[in-house]
Amino acid sequence: MMRLMEDELFPSTPGKVKIERTHTINRQFHRCFASTSTMFLWALFLIALTASYLSFQSFVDSSSRYFNASWGGMHWEKQIRSSATVRRPGGFSVLVTGAAGFVGTHVSLALRKRGDGVVGLDNFNSYYDPSLKKARKALLESHGVVVVEGDINDARLLAKLFDVVPFSHVMHLAAQAGVRYAIENPASYVHSNIAGLVTLLEACKSADPQPAIVWASSSSVYGLNEKVPFSEADRTDRPASLYAATKKAGEEITHTYNHIYGLSITGLRFFTVYGPWGRPDMAYFSFTRNILQGKPITVYRGKNRVDLARDFTYIDDIVKGCVASLDTAEKSTGSGGRKRGPAQYRIFNLGNTSPVTVPALVGILERHLKVKAKKNVVEMPGNGDVPFTHANISSARAELGYRPTTNLEAGLRKFVKWYLSYYGYNPRSSGIAGGAGSRTASAKSL
Ligand SMILES: O=C(O)[C@H]1O[C@H](OP(=O)(O)OP(=O)(O)OC[C@H]2O[C@@H](n3ccc(=O)[nH]c3=O)[C@H](O)[C@@H]2O)[C@H](O)[C@@H](O)[C@@H]1O
């Protein structure tokens with residue numbers, strides 16, 4: 001066929017010059033055409049090869065994701081649905097992010113105990129001992145609460161969760177916490193408190209129905225303010241740490257999603273929450289560990305030898321504030337990713353309203369532990385700390401019925417009791433017997 005075409009276009013019998021020229025042009029054209037079409041075919045071949053390679057890669061990726069993922073599949077979905085099942089009239093189905101965290105565990109248990117459906121989500125990162133998080137997870141699972149291991153930045157997982165359960169509420173407590181750690185690992189704050197928050201809000205805005213959201217902001221947003229007590233209406237534009245800045249950004253971001261998509265949002269500014277199952281990175285916890293081990297503790301002091309003070313708030317009071325926020329949250333108004341009307345937007349302080357100095361905190365611990373602390377008093381380093389916090393809780397009192405009832409003395413007694421039951425303590429060796437997760441988590445320890 002090719003030969004025929006060639007014969008027709010380029011007759012072998014030479015003719016006149018003009019014809020000869022025409023033939024030469026035709027020949028050049030043919031060569032050119034032949035090489036262009038060959039290149040074209042090669043290009044097509046290469047494109048096809050690349051496309052099949054890429055689709056093979058994505059097939060391998062998705063199948064390995066399918067086989068390796070800790071979530072997905074019919075059995076998993078059944079567990080999620082069972083965990084989300086509501087067991088009281090008018091109850092909620094709540095997605096709790098950061099469920100294996102300190103506040104997340106307590107709130108999940110409280111909701112579950114009153115008959116709400118709860119599904120937990122936690123990435124079990126190693127910011128502090130993950131075995132403590134695993135023990136909290138075991139505690140939750142002993143009460144029928146499933147905690148999915150995953151990150152709030154995983155949009156596919158979030159979409160799947162909302163696909164499986166039409167959550168009425170999201171209690172968003174997953175975050176990179178800690179004020180001073182932001183100096184060491186700033187990216188983790190952006191990852192969880194900014195990017196993760198946006199990924200979660202995107203999932204919530206697209207969910208049908210849209211859930212109402214209650215989430216953890218922080219007293220640290222008051223930053224360098226000196227007017228006390230701190231009120232929600234006070235300025236919050238002078239954060240002293242990247243942690244505080246990301247929480248403040250979270251307040252702006254949630255406002256945007258409320259405004260554009262009609263998501264119902266309640267932000268809670270927690271004031272230095274403490275108690276059983278707490279965070280080992282926090283002062284009351286690490287002081288307890290060091291005092292029991294006979295190690296020195298570092299007590300920071302402000303400028304002009306002024307003691308630092310915090311409005312330490314007991315976990316049970318915080319849980320009541322969280323649950324009351326869920327109970328009073330109005331429904332989101334959007335659907336299909338579009339706002340249908342104005343939605344509720346609230347911010348509340350959840351504090352104790354009675355600040356205590358850090359040396360006074362140490363004194364209470366010494367009494368409860370019956371051990372004298374070895375104190376190194378040093379000037380507060382400029383790494384994000386603020387000298388004091390003090391909450392005005394009149395808004396939370398009026399709208400949530402929030403009334404903190406546990407003072408630091410009583411709260412730390414409960415913490416120390418839990419600490420000794422969880423970690424164990426041998427006074428003769430002044431060391432810690434056992435270890436995080438070494439004992440079976442029991443509801444009684446709460
Ligand atoms: O209220 C809040 O929003 C914040 O409360 C705590 O932050 P912070 O108040 O700094 O709590 P701790 O880290 O337990 O510190 C308590 C006090 O002890 C002091 N401290 C801490 C550590 C230490 O070694 N020595 C010491 O004197 C701190 O300067 C501070 O005054 C939490 O860690 C944050 O995640 C939370 O958001």
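The values are calculated or read from the model by the stated rules, or taken from the named source; none is laboratory data. This structure is a prediction, so every number in the text was calculated from the model and none was measured. Note that we place each Cβ from the backbone using ideal geometry, even for glycine, and neighbour counts take in every protein chain shown.
Quick check on Thr353: is it in contact with a strand residue (DSSP E or B) (Cβ under 7 Å, 6 or more places away or on another chain), among the hydroxyl-bearing types (Ser, Thr, Tyr), more than 28 Å from Tyr422 (Cα to Cα) and within 16 Å of the ligand (Cβ to nearest atom)? Considered against the rule, which asks whether it is in contact with a strand residue (DSSP E or B) (Cβ under 7 Å, 6 or more places away or on another chain), among the hydroxyl-bearing types (Ser, Thr, Tyr), more than 28 Å from Tyr422 (Cα to Cα) and within 16 Å of the ligand (Cβ to nearest atom), Thr353 comes out as yes. In the stretch 232-258, the residues that are free of Cβ contacts under 8 Å to residues at least 12 places away in the same chain form no Cβ pair under 8 Å with any partner that is surrounded by fewer than 19 Cβ atoms within 10 Å (Cβ to Cβ) and β-branched (Val, Ile, Thr), whether six or more places apart or across chains. Annotation: of all residues in the stretch 375-384 being surrounded by fewer than 16 Cβ atoms within 10 Å (Cβ to Cβ) and under 26 Å from Ser231 (Cα atoms), the one that is nearest to the ligand (Cβ to nearest atom) is Asn383.
Remark: Ser332 falls outside the filter, which requires a residue to be away from the ligand (no atom under 16 Å from the Cβ), hydroxyl-bearing (Ser, Thr, Tyr), in a helix (DSSP H, G or I) and crowded, with 20+ Cβ neighbours inside 10 Å.
Let's see how each residue does on (1) surrounded by fewer than 18 Cβ atoms within 10 Å (Cβ to Cβ); (2) at positive phi; (3) in contact with a Ser or Thr (Cβ under 6 Å, 6 or more places away or on another chain):
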| residue | (1), (2), (3) |
| --- | --- |
| Val221 | no, no, yes |
| Glu252 | yes, no, no |
| Tyr261 | no, no, no |
| Ala283 | no, no, no |
| Ile291 | no, no, no |
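Select from the stretch 179-199 the residues that are in contact with a helix residue (DSSP H, G or I) (Cβ under 6 Å, 6 or more places away or on another chain), assigned to a helix (DSSP H, G or I) and under 9 Å from Leu242 (Cα atoms) and list them in ascending order. Spell out how you get there, then give the answer.
Applying the first criterion (in contact with a helix residue (DSSP H, G or I) (Cβ under 6 Å, 6 or more places away or on another chain)) to the stretch 179-199 yields 179, 182, 186, 189, 193-194, 197, 199.
Among the residues that remain, those that are also assigned to a helix (DSSP H, G or I) are: 182, 186, 189, 193-194, 197, 199.
Ala182, Pro186, Tyr189 - these are the residues of the stretch 179-199 that are in contact with a helix residue (DSSP H, G or I) (Cβ under 6 Å, 6 or more places away or on another chain), assigned to a helix (DSSP H, G or I) and under 9 Å from Leu242 (Cα atoms).
Residue pairs whose Cβ atoms lie under 7 Å apart, sitting 6 or more positions apart in sequence or on different chains, and linking a residue in the stretch 73-102 that is in contact (Cβ under 8 Å) with a residue 24 or more places away in the chain and at positive phi to a partner that is outside any strand (DSSP E or B) and surrounded by 23 or more Cβ atoms within 10 Å (Cβ to Cβ), are Gly98/Gly104; Gly98/Leu173; Gly98/Ala174; Gly98/Ala175.
Could you say whether any residue in the stretch 244-251 is modelled with pLDDT of 95 or more and under 14 Å from Val386 (Cα atoms)? Checking the stretch 244-251: at least one residue is modelled with pLDDT of 95 or more and under 14 Å from Val386 (Cα atoms).
Scanning the stretch 305-317 for residues that are assigned to a strand (DSSP E or B) and farther than 17 Å from Gly363 by Cβ, we see that the one that is farthest from the ligand (Cβ to nearest atom) is Tyr314. When only residues in the stretch 385-410 that are part of a helix (DSSP H, G or I) and among the small types (Gly, Ala, Ser) count, which is nearest to Ile315 (Cα to Cα)? Filtering the stretch 385-410 for residues that are part of a helix (DSSP H, G or I) and among the small types (Gly, Ala, Ser), the one nearest to Ile315 (Cα to Cα) comes out as Ala410. Does the stretch 93-127 hold any residues that are touching a Pro at 6+ places or on another chain (Cβ under 9 Å), surrounded by fewer than 24 Cβ atoms within 10 Å (Cβ to Cβ) and either of a type in the set (A, V, I, L, M, F, W, C) or in a strand (DSSP E or B) (or both), and which are they? Ser93, Phe124 - these are the residues of the stretch 93-127 that are touching a Pro at 6+ places or on another chain (Cβ under 9 Å), surrounded by fewer than 24 Cβ atoms within 10 Å (Cβ to Cβ) and either of a type in the set (A, V, I, L, M, F, W, C) or in a strand (DSSP E or B) (or both). Cβ-Cβ contacts under 9 Å between residues 6 or more apart (or on different chains), taken from a first residue in the stretch 371-384 that is within 16 Å of Lys303 (Cβ to Cβ) and part of a strand (DSSP E or B) to a second residue that is at pLDDT below 95 and within 9 Å of the ligand (Cβ to nearest atom), are listed as Glu379/Gly302. I'm checking my understanding of the structure. Among residues of the stretch 145-180 that are within 16 Å of the ligand (Cβ to nearest atom) and among the hydrophobic types (A, V, I, L, M, F, W, C), which one is surrounded by the fewest Cβ atoms within 10 Å (Cβ to Cβ)? Step by step, filter the stretch 145-180, then rank; the result is Val179. Within the stretch 353-369, residues that are at positive phi and in a helix (DSSP H, G or I) have Cβ atoms under 9 Å from residues that are surrounded by 20 or more Cβ atoms within 10 Å (Cβ to Cβ) and among the aliphatic types (A, V, I, L, M) in no pair, counting only partners at least 6 apart in sequence or on another chain.
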